[in-house]
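The values are calculated or read from the model by the stated rules, or taken from the named source; none is laboratory data. Treat the numbers as computed from the prediction; the structure is a model and nothing was measured. We place every Cβ from the backbone using ideal geometry, glycine too, and count neighbours over all the protein chains shown.
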Amino acid sequence: MLVRRLQWLVTAMRTGSRGFSLVEVLIATTITVVALAGLAQLFVIAAAANRAARMRTIAVLLARDKMEELRGADDEIAGGADFMNGRGEWLGGSTPPPGTVFVRRWSVSPGAGLPPRSRLLVVWITQSGASNELARLVGAREGRSP
């Protein structure tokens, strides 16, 4: 069996079957390069989308945590701001320290149409140095008896 295959190979080599031409190789290489370039661009786009989704997820969690804190507070709370790093860890509340990625702001105000002593709560998150919001939550806190 092996002998027959070797004989066929020798016969094929003698009859002019030499493999691929240069043009065929260039066309195949071009098709492969174009396909790989498109695939590489897809990976770059996917990585950017993952990064944006991660930032937005952290921002929503930070806003939710602050909203829960504001709704559960016993005393009157004024608006304010604090600063977080990229993992959502608190860095400070007066001026942005180095490593600030998120700025969390909130306001507490009387809301139109709310019962007396109730407050409208708004929490929004931006990236440090940017003005566009990553997340915004609006809620209300019921009026507390004096």
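Do we find that T30 is at pLDDT 95 or above, over 30 Å from Q127 (Cβ atoms) and hydroxyl-bearing (S, T, Y) in this structure?
yes
Considering only residues that are within 19 Å of the chain's Cα centre (by Cα), surrounded by fewer than 15 Cβ atoms within 10 Å (Cβ to Cβ) and touching a residue at least 24 places away in the same chain (Cβ under 8 Å), which ones fall in region 78-119?
If the condition is that a residue be within 19 Å of the chain's Cα centre (by Cα), surrounded by fewer than 15 Cβ atoms within 10 Å (Cβ to Cβ) and touching a residue at least 24 places away in the same chain (Cβ under 8 Å), then G86, R87 are the ones that fit.
In region 45-60, which residues are basic (K, R) and free of Cβ contacts under 8 Å to residues at least 40 places away in the same chain?
R51, R54
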